[in-house]
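Presented below is the structure to which this report refers.
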Amino acid sequence: MNRKKFNKFILPALLVAIATAVSFTFSNVSQASNSKSDNDDNTFIVGFDAEFPPYGYKDDNGEYVGFDLDLAQEVCNRRGWTLVKQPIDWDSKDMELNSGSIDCIWNGFTMNGREDDYTWSSAYVDNSQVVVVPTNSDIKELKDLAGKVVIVQADSSALAAFTGDDATDENKELCASFSELQQVSDYNSAFMSLESGSADAVVLDYGVANYQLKNRGDKFRLLEEKVSSEQYGIGFKKGNTKLRDEVQETLNEMLADGTFDKIAEDWDLSDSVCLGQEGADAVMQAENDAASSGSSSSSFGYIIIELLKGLLNTLAIFFLTLIFSLPLGLLVCAMRMAKNPILHWIARVYISILRGTPLMLQLLVVFFGPYYLFGVSLSNSFRFTAVIIGFVINYAAYFAEIFRAGIEGVPSGQWEAADVLGYSKSQTFFKIIFPQMVKRTLPPVTNEVITLVKDTSLAFALAYTEMFTIAKQVAAANSNIIPLFVAGIFYYIFNFVVEFVMGKIEKKMNYFE
C-alpha cells in the first residue's frame, strides 16, 4: 500500500483505535482490582522512595535502610512474612499500589489531605513541613520567601501544602508570591540547587530536614516558622482492610513491648513518633469503604489542556537541539577526520565521553558544574540554557559519527575525479560529497531525531517541566494512568510527523541514485 492510501485509511483508523482504547481504559480504570489483597504468598512488598532519609534510603554499603524499613522488617519477623523492599518512583506510587505491584506505601507517607484516597494505618509520626535556606541567606521568616525560587519534591506534602485542595489561604498566598515554585524528583537535587545558588529555599518534611542538616554541616539552617503540620501513616489500597489490620495489630504489639520506641530512638525520631497517642487512629477509625467521588481535574479535557502546556517546552528543547547539534556534529565530524592529530584526538575523546555516559548525568554536570568546579553561582534562568547545552553536545556526538560513516561511504575516487576537474576541496565536499552523505545518513539521522523526541523528558533532571513530567504529575494527582497514555499518543503523533517529514526529504534526495 502506498503512503497516500496509508495516510487516508490506515492512519485515521489507527488513531481511532488508540482513542477508543484510552477511553475504555479511562472509563474502567477505577474498577481495577488489586490482584494481591492479602499476603497469600507470604511476602510483604513495601513501596518506598529510596532517596528519603531517614525513613528509607540506600546507605554506604548499598543496602536499603531507614526507620520505616526497620519497622516493616520487625512486622514481617513477627508475622513470618518475607519483606520485599521495593524502591518506586514517587510520582508513580498510586499506580504501583493499585496495580498490585506493591502491598503498601510505607515511607514517611502523609495522611493529611489523602484521608479518603487510601486505607490507612494509625498515624505513627507527627511531622511538619519546614523551610531550609542557606546559612548566609537573608530569609528569616516565611514572608521573606516572596520573590524567591522555592523547591519542593514532586507530588510531596510540601507541594500539597502550597497547591493542594486542602492548602490554607495563607499558604496559597505565600506560594503566589514566589518567583517560582520548582518541583524536583529527589532532595539531593534540591540541595544541590540550593547550594549552587540557583534556588533560594527548599520546603520538606521536618524529619528529612533534620537528617539533611545533620549530614551537610553548617551550610544550611532551618526557619522557625512551619509551613504546615501533618501525620505519617501506612497507605494501603482503598478497601484492603485485611492486610492493614494485620500490620496494625503487629505495630500495636511492638508499641506495647517497647520495640517501636527502641527503633524510633535508633533513628533519633523519639520526639516525632505518635503511635498510640490520643487521636492518632482517628483516620483509621473514621474510614468507610465508599469510593471517593471523582474531581473535575480527572476529566479528559483537563488532561489535554495540562499536557499542551508542557508540549511547548518539549518543542523548544526539540527544535533548539536540532538547530545547534546538527552543525556542531558536522564540525566534530570534520575534526574527527582531520589529519591534525590534536584535533583528531580531541574529537575522539569528546565523542567517547558523550556517547559513553548517560544524558541525565551530562545535564547535571552542565548545570551544576560551574558552581562545584569553579565556584560560579548559578541563576535560575540558566536552567533552560543548561538543558539545551546538555542536549546539543550529547546529540552532536552521535550525529558526528553518523556523518563520518556517510562521508566515508562515498567512493574515494570521486575526490580524485573532482581534483582532476579542477574543483577545490571545499567545492568537492559541498557540491559532490555532502549531498551524497546527506542521502546516505537520512535513515540513521531520522532514528536519532525520533529518539530526541522521547529524550526531552529527561529535562526534568534539572527541574525543567516538559510534557511527560506534567503527565506524571497529573497521573499522580489523580491516581490513574490515563495522562501517561495520552502523553504516549502525543509522542506517537509527534514522531509520526517527524517520520513523515524525513520520509519526504529522503524521497526528494532519490535523484542521487
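The values are calculated or read from the model by the stated rules, or taken from the named source; none is laboratory data. Nothing here was measured: the structure is a model prediction, and the numbers come from that model. In this analysis, Cβ positions are derived from the backbone assuming ideal geometry, glycine residues included, and neighbour counts consider all displayed protein chains. Just the protein is used for accessible areas: all its heavy atoms, side chains included, with ligands, DNA and RNA removed. Shrake-Rupley method; radii C 1.70, N 1.55, O 1.52, S 1.80 Å.
Taking the Cα centre of the chain as reference, the dipole from Cβ charges on Lys and Arg (+1) and Asp and Glu (-1) amounts to some 4220 debye. If you take all other residues with their beta carbon under 15 Å from the beta carbon of Phe391, and give Lys and Arg +1 and Asp and Glu -1, the sum is 0.
The overall shape of the range 358-444, judged from the alpha-carbon gyration tensor, is prolate: a/c is not under 1.5, and a/b is greater than b/c. Taking all protein chains together and rolling a 1.4 Å probe, Ser101 ends up with roughly 60 Å² accessible. Helix-only arithmetic for the chain: the sum of -39500 (n - 2.57) across DSSP H runs with n ≥ 4, divided by the residue total, places the mean residue ellipticity at 222 nm at -17000 deg cm²/dmol. The residue list Tyr423, Phe324, Cys175 was ranked by how far each Cα lies along the charge dipole of the chain toward its positive end, using unit charges on Cβ atoms, and Tyr423 comes out on top. In a DSSP loop and with at most 15 other Cβ atoms within 10 Å, the trypsin sites (Lys or Arg not before Pro) in the range 92-144 are Lys140. For the pairs Lys439/Lys508; Lys238/Lys472; Lys309/Lys472, note any where the Cα-Cα span goes beyond 19 Å. Long pairs (Cα-Cα over 19 Å): Lys238/Lys472. In terms of accessible area, using a 1.4 Å probe and ignoring ligands and nucleic acids, Lys148, Lys454 rank largest first as Lys454, Lys148.
Report note on the peptides 404-412, 151-159: ranked by the mean count of other C-beta atoms within 10 Å, highest first, their order is 151-159, 404-412.
Assuming R0 = 22 Å, can you tell me the calculated FRET efficiency for the pair Val497 and Phe384, based on Cβ-Cβ distance, to the nearest 0.05? FRET efficiency, Val497 to Phe384: 0.40. Given the protein chains as shown and a 1.4 Å probe, how many square angstrom of Asp268 are accessible, to the nearest 10? Surface accessible to solvent at Asp268 totals approximately 110 Å².
Measuring only protein heavy atoms, the 1.4 Å probe finds Lys242 accessible over about 110 Å². When all protein chains stay in place and ligands, DNA and RNA are ignored, the 1.4 Å accessible-area order of Leu322, Leu328, largest first, is Leu328, Leu322.
Please sort through the DSSP H helices of the chain and keep those with an alpha-carbon extent of at least 15 Å along the long axis and a Kyte-Doolittle average not below 1.0. For the chain, where a helix must reach 15 Å along its axis and average at least 1.0, the hits are 11-28, 300-336, 359-374, 382-408, 482-508. How many nm is it between the label spots at Ala405 and Ser177, if each spot is 7 Å from the Cα in line with the beta carbon? Calculated label separation equals 5.7 nm.
Summed over the residues of the chain and divided among them, the accessible surface reaches 48 Å² per residue at a probe radius of 1.4 Å. With viscosity 0.890 mPa s and temperature 25 °C, the Kirkwood radius over alpha carbon pairs of the range 320-400 converts through Stokes-Einstein to a diffusion coefficient of 184 µm²/s. The range 47-109 and the range 389-466 have Cα centres lying 46 Å from one another. Cross-link pairs exceeding 24 Å in C-alpha to C-alpha distance, out of Lys85/Lys242; Lys339/Lys431; Lys172/Lys237; Lys140/Lys226, comprise Lys172/Lys237.
Basic side chains Lys and Arg get +1 at the Cβ, acidic Asp and Glu get -1 at the Cβ, and with that the dipole of the range 103-246 about its Cα centre reaches some 380 debye. Given the options Leu312, Met111, Leu462, identify the residue whose Cα lies farthest towards the positive end of the charge dipole of the chain (+1 on Cβ of Lys, Arg; -1 on Cβ of Asp, Glu). The residue sitting most towards the positive pole is Leu312. For Arg221, the residues 5 or more places off, or on other chains, whose built amide H falls under 5 Å of its own are Val133, Thr135. Atom-type composition of the exposed protein surface of the chain places 56 percent of the accessible area on carbon and sulfur (1.4 angstrom probe). Counted by Cβ distance under 14 Å from Phe434, the other residues give a net charge of +4, where Lys and Arg count +1 and Asp and Glu count -1. Think of the chain as having a plus end and a minus end, set by charges on the Cβ of Lys, Arg, Asp and Glu; of Tyr398, Ala475, Phe260, Tyr398 sits farthest toward the positive end of this dipole.
In summary, the aspartates and glutamates within cross-link reach of Lys58, defined as a Cα separation below 12 angstrom excluding same-chain residues under 8 places away, comprise Asp49. Here the relative contact order of the chain, from alpha carbon pairs under 8 Å that lie six or more residues apart, stands at 17 percent.
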